[in-house]
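First up is the structure itself, then whatever we jot down about it.
Nothing in this text is a laboratory measurement; each read-out follows from the coordinates by a stated rule. Values in this document were obtained by computation on a predicted structure and should not be read as measured data. Ideal geometry is used to build each Cβ from the backbone, glycine not excepted, and the neighbour counts take in all protein chains shown.
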Amino acid sequence: MAIVHRRTFVGKAGAGGQLVQHIKEGHDTFKRFGLTVKTRVLSDYLSGRTDRVVAEWEAEGLADIENGMNAVMANPDAQKVFEGWFKKLTELIDHAEVENWTVE
């Protein structure tokens, strides 16, 4: 049974568009370094907290995502890119929440 690993990011006021672009760049980068899980980016500017962006990864299980990320992060070049990407992410968000959903 598949799972969806979801991270909901609440961006700083007015940063939603930048946050969407940054998360898409992150997905593209991880794919370039070998992560093969299905990814999706969702945005919601009109309800709840503003500048809210969701990043999703879908796989057969959490182990697939974890193993894929471990393989990517074993590459020193990927580690360096991720460090820069993560630093910028923290500048764009106020906080994040994580959920793991089972696809029925």
Practice item. Return the total of residues in region 1-17 being in contact (Cβ under 8 Å) with a residue 12 or more places away in the chain and farther than 17 Å from residue 64 by Cα. Key: 9
Practice item. Name every residue in region 80-104 that is over 26 Å from residue 60 (Cα atoms), acidic (Asp, Glu) and in a strand (DSSP E or B), in order of residue number. Key: 94
Point to revise | Scope region 31-43; condition out of contact with any helix residue (DSSP H, G or I) (no Cβ under 6 Å at 6 or more places or on another chain) and within 20 Å of residue 87 (Cβ to Cβ); matching residues | key: 32
Exercise for review: Report the residue count in region 44-68 for those that are surrounded by 17 or more Cβ atoms within 10 Å (Cβ to Cβ) and either touching a helix residue (DSSP H, G or I) at 6+ places or on another chain (Cβ under 6 Å) or over 25 Å from residue 15 (Cα atoms) (or both).
Suggested key: 9
Practice item. Give the residues of region 1-59 that are under 13 Å from the mean Cα position of the chain (by Cα) and acidic (Asp, Glu), sorted by residue number. Key: 25, 28, 56, 58
